[in-house]
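Shown next, in structure tokens, is the structure this report addresses.
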Amino acid sequence: MITHDLLDAYESVKGEYEKLPWGQKPDEQLWEAVDGLLLDLHLIKHGYATDGYAKHIEKELKRLCADESVAERVRNMRL
């Protein structure tokens, strides 16, 4: 699950997984999920996605995020 701790780490290195200290690296698949969600939300925000795709991404946020506060934080993050 994507948590606030994961997002703290993500923001601390501006999304650059390789810059995390050895031994403090979260699950790479979750990290990539955050990358993908941010890209998808950016495309949605700028009108490059259909309404159906936007709904799909909302479902993914609910599925992958630990709770609504985490999902809201992802929505408010910038690339």
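Remarks
- For the stretch 9-77, the Kirkwood estimate of the hydrodynamic radius, built from every pair of different alpha carbons, is 12.9 Å.
- The residues neighbouring VAL74, those whose beta-carbon lies less than 14 Å from its own, together hold a net charge of -4 under the Lys/Arg +1, Asp/Glu -1 convention.
- Heavy-atom surface analysis with a 1.4 Å probe gives the chain a carbon and sulfur content of 51 percent of its accessible area.
- The slack between ARG63 and ARG75, meaning 0.36 nm per residue of separation minus the straight C-alpha distance, is 2.9 nm.
- Of the peptides 7-16, 31-40, 48-57, the order by per-residue mean of other Cβ atoms within 10 Å, starting with the highest, comes out as 31-40, 7-16, 48-57.
- Helix 51-64 vs. the chain, principal-axis angle (Cα, 0 to 90°, nearest 10): 30
- In the structure shown, the pairs LYS25/LYS55; LYS19/LYS59; LYS14/LYS62; LYS19/LYS55 are assessed against 27 Å; a Cα-Cα span above that value is assigned to LYS25/LYS55; LYS19/LYS59; LYS19/LYS55.
- Average accessible surface for the chain: 69 Å² per residue, computed with a 1.4 Å probe over protein heavy atoms with every protein chain in place.
The values are calculated or read from the model by the stated rules, or taken from the named source; none is laboratory data. Keep in mind that this is a model prediction, so the values were computed, not measured. Don't worry about glycine lacking a Cβ; one is built from the backbone with ideal geometry, like all the others, and counts go over all protein chains shown. Ligands, DNA and RNA are excluded from the accessible area calculation, which covers all protein heavy atoms including side chains. Shrake-Rupley method; radii C 1.70, N 1.55, O 1.52, S 1.80 Å.
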